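Trainee: Okay, handing you the structure first.
Laboratory data are not the source of any read-out in this text; all were calculated from the coordinates shown. For clarity, every value in this text was computed on a predicted model and none was experimentally measured. Neighbour counts run over all protein chains shown; Cβ positions are idealised from the backbone, glycine included.
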Amino acid sequence: MTWEAALRLGIFLLVLLVVASLEFWRPKRSWREARKTRWGINLGLIGLNVILQRLTLGAAAVLMAVHAQSEGWGLLNLVDWPGWLTFLVGLLLLDLAIYLQHVLAHALPFFWRLHQVHHADLDLDVTSGLRFHPLEILLSLIYKVLVVAALGLNPLTVLVFEALLNAASMFSHANIRLHPRLEQVLRWFIITPDMHRIHHSVYRQETDSNFGFFLSVWDRLLGTYTQAPRDGHLQMDLGLAPYRDQTRLGLVSLLMMPFRSPGGGSQSEAEEAFAQRFNRHQHQQGQSDPFKGRGQEFLNTGGLGDGVPGKKLEKLIQQPTEQNTDRDNREQIDAQRATTQFPAQYPQGRQTGHRSSE
Ligand SMILES: [Zn+2]
């Protein structure tokens, strides 16, 4: 193991230990599912991803940074700034790139199929922050390599950012209770657990907001910021509406999730929700293939569907159409969400009460 890999592992274990200890000491919410089961699944997926990264493109971003520097590739290699400024601007731009990648993961149907694995967790804790489908990890690595080349980032920037991003993700998914004043101050700069929990709400309007991973500035600047969850932090339901049964969210099911729906059949709840998410208009007209033309709504809405919090971003990339002129009507959005996210088995719109399994 190289010194760099050892340092990364050391930082990872340290952050894991600190955040997990805080979760035991000051938990924010009671657990809906048994932690033992979830940790087994999440750590299994994380272990798979670590092996996959080591066998494939794990070091590719850093190697690309070395190459870009020697060849003079990318934006930051064109300017003659002091090292500290290039480093800081590089970190900022990488964080923005990861924010945009996350917006795309919610907007593009195939990416959303993969990203659903991260969102299907019925509780949130430190392990959720690293629980991703292996294919999403691979795509992220390729994306990162391209960003590093385009921006001309130096290897130190990439190394620091990767460690920072891992630590930030573990912190923002943690089930910890921060002092309200500390939370408010932190939130002006970085993504706090309260801010990111809203992104894991079962309500799509909330899921399609607070996309940031490290700095909170991008959500505020690009209009995807949601201040508080509609049901409150303690009562809100986490996860995805079509995937409410933990027994069907085991490791193998999660690996297969992008390729099949839990109920089986082409019109199961998950398929239905997916179809409505990306192809509501055509689906309502009774077309047999719910995924046909699913990129159109992304083009129409700037990738944010009904996401009211994403207005500014939508305006940047969207032409007004008949379909989306009613987007401001909150009541209509709520009515649509009730049918989209809470099908028959989930009629109340939310589950009352949380059980503590431990
Ligand atoms: Zn997400």
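Trainee: When the chain is fully extended, how far beyond the present Cα-Cα distance does Arg260 get from His179, taking 0.36 nm per residue of separation?
Mentor: 25.0 nm
Trainee: Distance in nm between label sites at Thr2 and Ala228, each 7 Å beyond Cα in the beta-carbon direction?
Mentor: The two pseudo-label positions are separated by 4.8 nm.
Trainee: Can you compute the modelled spin-label distance between Lys36 and Phe189, with each label point 7 Å from Cα toward Cβ, in nm?
Mentor: 4.0 nm
Trainee: Mind ordering 167-177, 110-120 by average Cβ neighbours within 10 Å, highest first?
Mentor: Sorting 167-177, 110-120 by mean packing, highest first, produces 167-177, 110-120.
Trainee: For Val66 and Arg220, compute 0.36 nm times the residue count separating them, minus their Cα-Cα distance, and round to one decimal in nm.
Mentor: 52.1 nm
Trainee: Kindly identify segment 79-182 as rounded, prolate or oblate by the Cα gyration tensor criterion: order the square roots of the eigenvalues as a ≥ b ≥ c, call it rounded if a/c is under 1.5, otherwise compare a/b with b/c, prolate if a/b is larger, else oblate.
Mentor: Oblate shape, in that a/c is at least 1.5 and b/c is the bigger or equal ratio.
Trainee: Under 1.5 on a/c is rounded, so check that first for segment 116-254, then, if it is not, pick prolate when a/b is larger than b/c and oblate when it is not; a ≥ b ≥ c are the square roots of the alpha carbon gyration tensor eigenvalues.
Mentor: oblate
Trainee: When the chain is fully extended, how far beyond the present Cα-Cα distance does Leu78 get from Gln235, taking 0.36 nm per residue of separation?
Mentor: 51.4 nm
Trainee: When a/c reaches 1.5 or more, the comparison of a/b and b/c decides; with that in mind, is segment 10-51 rounded, prolate or oblate per its Cα gyration tensor?
Mentor: oblate
Trainee: Order the peptides 27-34, 66-73 from the highest to the lowest mean number of other Cβ atoms within 10 Å of their residues.
Mentor: Descending mean neighbour count gives 27-34, 66-73.
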